[in-house]
1. Would you point out the residue of segment 165-185, among those that are open to solvent by less than 40 Å² (accessible area, probe 1.4 Å) and outside any strand (DSSP E or B), that is farthest from G136 (Cα to Cα)?
2. For segment 92-147, what are the residues that are under 17 Å from L195 (Cβ atoms) and either open to solvent by 50 Å² or more (accessible area, probe 1.4 Å) or without any contact (Cβ under 8 Å) to a residue 12 or more places away in the chain (or both)?
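The values are calculated or read from the model by the stated rules, or taken from the named source; none is laboratory data. Here the structure is a predicted model, which is why all the values come from computation and not from measurement. All Cβ positions, even for glycine, are placed from backbone atoms using ideal geometry, and neighbour counts span all protein chains on display. When the accessible area is computed, the model is the full protein with side chains, heavy atoms only, and any ligands, DNA or RNA have been set aside. Shrake-Rupley method; radii C 1.70, N 1.55, O 1.52, S 1.80 Å.
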Amino acid sequence: MSPGGTGCFSGLLLTVGWLLLAGLRSACGANVTAVQDSGLAHEGEGESEGENDEEAENDGEAENDSRAEVEEDVSNRTVVKEVEFGMCTVTCGVGMREVILTNGCPGGETKCIVRVEECRGPVDCGWGKPISESLGSVRLACIHISPVNRFKYMWKLLRPDQQAIILANDSAILEVQREAHPLAFECDTLDNNELVATVKFTVYTINELQVRRSSRPDTDPVLVFVLTIGVVTCVFVIFVLIFIIVNWAAVKAFWGARASTTEIQSELSSVRYKDSTSLDQTPTGIPVNEDEDALSEWNE
């Protein structure tokens, strides 16, 4: 073999050996890497399990803390307040009522007023009465509560079989002059464009007003009779007491004589009773003595 061929063959062997060594090294490195990766995976799983356990413990502690806080809140919670509502000041429209606390009042009181609030009833209040009237004019008032300017008011002149006429007056009070024929008015009370009350009024003529006043009795005869009887009774009782006080000596003597007469009559009745009983017993005793005498004579 030539020296050139020998050199080529040795170089080829070195190359193959070098490749084998490189392959072995890479294989060993891969195994080491796999082992390291598996170890890291196990360590990661252990760490994740530890973290999960720590999180569970932390969650349990948080739940315990929250329960303790809830229990503290329940223990520190104040008494539940109970309220009731008083009667509304009106039976229709808008009015006021009291809100009364029945539990938890200060100072140990059983009931206390918390506040006064608005209350509402049916919208239609029917026919109302004027607040003041004379032979010449009448003053009418809409349904409202304080403050008056809180509401809007719409006055209408009612006409039979026709549409009502809306008046220019938008205040709560309307003053109307009497005319030759009766008039009918209606007032609507609005709160935020919501109808809360409506009331109607009739304005009579002067002649109708006079007729109504004359036909209406000024006093009730039954009430007058009862009052008269009561006054007469009181006056009679007062006069009797005054007479007794002024003539106390005569009254005392009269009652004393009457009492003595009663005692004498009772004594006489008792004596008569005793006499009657003694007379009843005497006839029964006489035959007994006769029998005894007859027996004594027979024996002799």
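1. The residue in question is A172.
2. Within segment 92-147, E118, R120, P122, V123, D124, H144 meet the criteria.
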